[in-house]
Amino acid sequence: MRTILYTRCEQSLWWRCLPWLCLVFLLTAVSVGSGGTLLADETDPVKSLVEQVNPAAESVALRGSIFDYGPFVGHAASDVAQVVKAGTWFSFLVFLPFLILPQILLVIIIIKFRGNNPVNKDRAPATFVHNTRLEIAWTAVPVIALIVVAIPITRILDYQESPPAGLHQGETFTMEVVGRQFSWIYNYPQEDLRVGTYPVRDLPEVDLPEGAPRPERISAVQEAAVFPLDRTATLFLTSQDVNHAWWVPAFGVKKDTFVDRHTHTWFTPTKTGFFKGTCAELCGGDHGIMKITAVVLDEDDYRRWVSFKRHERDARRVVDAISQDDDGTAAQEAFTAYVAAGDSTTRLSALRFWLLYDIAIHETLWTEAASRPFAGGIKGLDAFLERTQARRETLRSLLDHHLQDQADLAPQGTDA
Ligand SMILES: [Cu+2]
């Protein structure tokens, strides 16, 4: 009886609550929906692209691991890496018994034949010196295991050498990778572009926190190799000085580079994001910090990056002028020259991109340095943030004035 009463009471409570629950659900849905719209409106493709290709962010996020913190063999971010990963697991599982069984045997023998085991008290030592059957078995079994592993692995090595046939233009992407002591150059023949990283000895002075570690300083000036998503990348690799090796585990690619000849490899990126790699051939004093930053972008972002890259040289002149500590004359002059050479929306966006890119690298490194335990306070952080804010405002003001001038000119043009 008590149960029935309780159930009825519970049911009536449930029915009474139902309209309120519906209302809460409706309000939540509306707020989430409007939040989504708001976010979509606020999304700035230039800012988003800066975040995606900021090499310092990659350095901080993936510090210490080129395996993207994936379990055991890392996260596969390409078709080739998937195959390599499957091959690695397969060979690991085939060889696993050889790792485990001897340890089990060792433990059994230690326990069974220990000196204070009463069973062994009167046991006479064994007198046999060999066992032909056993020796044949422990030679044959590993040989069979090696053959079982070698067959698929040889096929994988072959697969890594040549890209699939029958790909059309638009589905493929070609890059020349040039190694040099101690950085990488990436040439994009289809786009007529070159992505360069500074050799360590030419490391420019960048605005970094006092005492920032050298690898961070280097990551700040190492541009990422950018790849379009889902397009098969064929890499032709060479070297300017000594042997190097271009290795990005997430792509399943590791290829040697030699002077005066090209090696080649391929992969199709299947995930967007940052992927870290390193030179895998001892090539000199700074080999250990000859890192690789690879970024995979979706097609829209990739095209946007290519268009910004075309205006980089001009845009960087304005960015440098904006950083000058004067009354703003240098920035105004550089900006006027920049828009005089071309005044498209892409060109103006490129200007924003390169300023924000420059700021993003330094902000990431300063924030990272400030968040370190026992940092003892980062000197100059406030001054740095002020400088950054001033640079942003200078560019905003230049762009606002320019757009206003354009708007003022537009009606006159129409009247004429
Ligand atoms: Cu090296």
**Residue exposure sequence - Phe92, Phe335, Phe128, Phe251 - by fewest surrounding Cβ within 10 Å** = Phe128, Phe92, Phe335, Phe251
**Prompt:** Counting Lys and Arg as +1 and Asp and Glu as -1, what is the net charge of the other residues whose Cβ lies under 9 Å from the Cβ of Val195?
**Reply:** +1
**Message:** Below 8 Å, C-alpha to C-alpha, sequence gap of six or more: please give me the relative contact order for the stretch 232-310 in percent.
**Reply:** 28
**Request:** Report the calculated FRET efficiency for Asp256 and Trp138 (r = Cβ-Cβ distance, R0 = 35 Å), to the nearest 0.05.
**Result:** 0.45
**Asked** Can you list the lysines whose alpha carbon is less than 18 Å from that of Lys255, not counting same-chain residues fewer than 8 positions off?
**Response** Lys85, Lys276, Lys291
**Message:** How much length would be gained if the chain were fully extended between Asp343 and Leu101, taking 0.36 nm per residue of separation minus their Cα-Cα distance, in nm to one decimal?
**Reply:** 79.9 nm
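Rule-based calculations on the coordinates, nothing more; no lab input. Because the structure is a prediction, the values reported are computed rather than measured. Ideal geometry is used to build each Cβ from the backbone, glycine not excepted, and the neighbour counts take in all protein chains shown.
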